[in-house]
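*Asks:* Provided herewith is a single structure, encoded as structure tokens, for subsequent inquiry.
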Amino acid sequence: MSEEKIYVTKSYLPPIDEYINEIKIIWENHWLTNQGILHQRMADFLKEYLGVKYITLFTNGHLSLEAALQSLNISGEVITTPFTFASTTHSIIRSNLKPVFCDINLNDYTIDTTKIESLITEKTSAILPVHVYGNPCCVDEIEKIAQKYNLKVIYDAAHAFGVKINNKPIGQFGDISMFSFHATKIFNTIEGGALVYSDKIYEEKFNLIKNFGILDETHVKCVGFNAKMNEFQAAMGLCNLRHIEEEINKRKFIYHTYYNMLKDIDGIKMPVTDSKITKNYSYFPIVITDDYKMDRDSLFDLMAKKNIFARKYFYPLVTDFDCYKNYYDSNKTPNAKYISERVICLPIYGSLNLESVNRIINIIQ
Ligand SMILES: *Cc1c(COP(=O)(O)O)cnc(C)c1O
């Protein structure tokens with residue numbers, strides 16, 4: 001008898017009646033997209049939830065990142081890390097900028113801030129660090145470096161929805177932060193994303209660029225694209241926001257169950273994070289070191305054989321992608337390479353039951 005298949009995540013869906021109720025208004029006003037009433041409501045609620053001054057919604061996280069990079073009037077080089085999802089690097093290249101890869105630290109896998117300064121050149125214009133797995137980067141260090149060299153800081157906060165440092169919302173750091181509301185993220189609008197920022201000057205730029213650069217009927221101000229969030233996405237977000245605390249709490253329980261049962265196993269490492277951080281429990285990465293009984297790929301295959309479909313996030317490193325490997329050398333970021341070759345993200349989502357969590361723990365034990 002084969003056991004139920006378990007994937008790394010399961011997209012959150014609100015009760016169907018709640019969603020139907022939310023979208024009824026669309027049949028009344030026939031307003032499907034372009035800054036509709038649900039879009040406005042979502043933006044207001046999210047701004048409050050994320051504790052930020054300004055927010056602009058987009059149809060996905062990736063185009064939000066491109067909008068940020070392309071609205072800043074920057075050129076030349078952007079310092080980032082290769083231990084991330086394809087989108088981070090693609091957004092830099094697609095904005096005609098050059099990524100410069102900095103290594104990560106071995107505690108929480110975010111950018112190693114002690115290595116940033118040596119990568120800064122005359123051409124450096126911005127830093128694009130990633131709060132990977134929702135682990136906040138060393139924001140104070142990054143701020144200091146950015147001030148000293150007059151660089152912009154854009155955070156890829158795709159994983160960090162609701163995270164806080166010392167009770168300060170993560171979106172308050174840097175010039176701009178990007179959140180992703182993709183179906184696989186802890187909070188979803190089916191597809192979706194947002195930029196948050198505290199300088200009002202960006203608001204008009206972002207609204208223009210996500211709507212083809214169109215200001216009004218007779219004025220097109222910049223070479224924009226189409227990246228607007230539609231009303232059905234916003235409706236999903238409004239529903240899911242009502243359940244986000246419950247989802248985070250359920251994940252928190254799973255997170256601690258995994259943590260307590262795995263922490264004493266030889267060769268299983270987990271990220272070390274500061275107690276001042278309010279987590280969102282969106283991912284559960286483990287790193288398989290040489291002290292474990294088998295290597296990462298063997299454990300991964302064993303789990304798959306038992307219908308547990310974990311993920312090797314993030315493997316391969318961006319710099320080893322077919323489209324990048326001839327231009328960049330992943331040996332220059334040895335920590336990123338090390339983690340990438342050993343990491344597995346275990347399944348974690350609110351509706352994952354304790355029996356399944358124990359099944360996964362048993363295999364690893
Ligand atoms: C998901 C993700 C993105 C892109 O977001 P989409 O909403 O899928 O376009 C960017 N960066 C990271 C780190 C991500 O995980």
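The values are calculated or read from the model by the stated rules, or taken from the named source; none is laboratory data. Please read all numbers here as calculations on a predicted model, not as lab measurements. As a convention, Cβ positions derive from the backbone with ideal geometry for all residues, glycine included, and neighbour counts pool all protein chains shown.
*Asks:* I need the full set of residues from the stretch 44-68 which are part of a helix (DSSP H, G or I), away from the ligand (no atom under 16 Å from the Cβ) and touching a helix residue (DSSP H, G or I) at 6+ places or on another chain (Cβ under 8 Å), in order please.
*Replies:* Matches in the stretch 44-68: 45, 49.
*Asks:* Another question about this same structure. With 179, 83, 173 as the choices, which residue is over 14 Å from the mean Cα position of the chain (by Cα) and either closer than 24 Å to residue 244 by Cβ or buried (at least 24 other Cβ atoms within 10 Å of the Cβ) (or both)?
*Replies:* Every option except 173 fails the conditions.
*Asks:* Hey, among 74, 26, which residue is more than 16 Å from the ligand (Cβ to nearest atom), surrounded by fewer than 22 Cβ atoms within 10 Å (Cβ to Cβ) and assigned to a helix (DSSP H, G or I)?
*Replies:* Unique residue meeting the criteria: 26.
*Asks:* Name the residues in the stretch 258-271 that are loosely packed, with under 12 Cβ neighbours inside 10 Å and either under 26 Å from residue 244 (Cβ atoms) or modelled with pLDDT under 95 (or both), would you?
*Replies:* Once the filter is applied, which keeps residues that are loosely packed, with under 12 Cβ neighbours inside 10 Å and either under 26 Å from residue 244 (Cβ atoms) or modelled with pLDDT under 95 (or both), the stretch 258-271 yields only 260.
*Asks:* I need the full set of residues from the stretch 251-273 which are in a loop (DSSP other than H, G, I, E, B) and in contact (Cβ under 8 Å) with a residue 12 or more places away in the chain, in order please.
*Replies:* 265, 266, 267, 270, 271, 272, 273 - these are the residues of the stretch 251-273 that are in a loop (DSSP other than H, G, I, E, B) and in contact (Cβ under 8 Å) with a residue 12 or more places away in the chain.
*Asks:* Limited to the stretch 142-189, what total is found for residues that are away from the ligand (no atom under 15 Å from the Cβ), part of a loop (DSSP other than H, G, I, E, B) and either under 19 Å from residue 8 (Cα atoms) or hydrophobic (A, V, I, L, M, F, W, C) (or both)?
*Replies:* The number of residues fulfilling the criteria is 2.
*Asks:* On to the next question. Mind listing whichever residues of the stretch 86-124 are surrounded by fewer than 19 Cβ atoms within 10 Å (Cβ to Cβ), away from the ligand (no atom under 16 Å from the Cβ), under 21 Å from the mean Cα position of the chain (by Cα) and of a type in the set (A, V, I, L, M, F, W, C)?
*Replies:* Once the filter is applied, which keeps residues that are surrounded by fewer than 19 Cβ atoms within 10 Å (Cβ to Cβ), away from the ligand (no atom under 16 Å from the Cβ), under 21 Å from the mean Cα position of the chain (by Cα) and of a type in the set (A, V, I, L, M, F, W, C), the stretch 86-124 yields only 106.
*Asks:* While we're looking at this one, here's another question. Is it the case that residue 206 is among the aromatic types (Phe, Trp, Tyr), more than 23 Å from residue 131 (Cβ to Cβ), out of contact with any Asp or Glu (no Cβ under 9 Å at 6 or more places or on another chain) and modelled with pLDDT of 95 or more?
*Replies:* In short, no.
*Asks:* Quick check on the stretch 303-315. Is at least one of its residues more than 27 Å from residue 103 (Cα to Cα), touching a Leu at 6+ places or on another chain (Cβ under 7 Å) and not in a strand (DSSP E or B)?
*Replies:* No, the conditions are met nowhere in the stretch 303-315.
*Asks:* Would you check if there is a residue in the stretch 125-136 being more than 20 Å from the chain's Cα centre (by Cα) and surrounded by fewer than 24 Cβ atoms within 10 Å (Cβ to Cβ)?
*Replies:* Within the stretch 125-136 (the criterion being more than 20 Å from the chain's Cα centre (by Cα) and surrounded by fewer than 24 Cβ atoms within 10 Å (Cβ to Cβ)), the answer is yes, since at least one residue qualifies.
*Asks:* Separate question: Just the residues that are within 22 Å of residue 194 (Cα to Cα), in contact (Cβ under 8 Å) with a residue 24 or more places away in the chain and under 23 Å from the mean Cα position of the chain (by Cα), please, taken from the stretch 1-40.
*Replies:* Passing the criteria: 9, 10, 11, 12, 14, 39.
*Asks:* Follow-up question, since we're still on this one. What is the number of the single condition among (1) aliphatic (A, V, I, L, M); (2) under 16 Å from residue 8 (Cα atoms); (3) out of contact with any helix residue (DSSP H, G or I) (no Cβ under 8 Å at 6 or more places or on another chain); (4) touching a residue at least 24 places away in the same chain (Cβ under 8 Å) that residue 304 does not meet?
*Replies:* (4)
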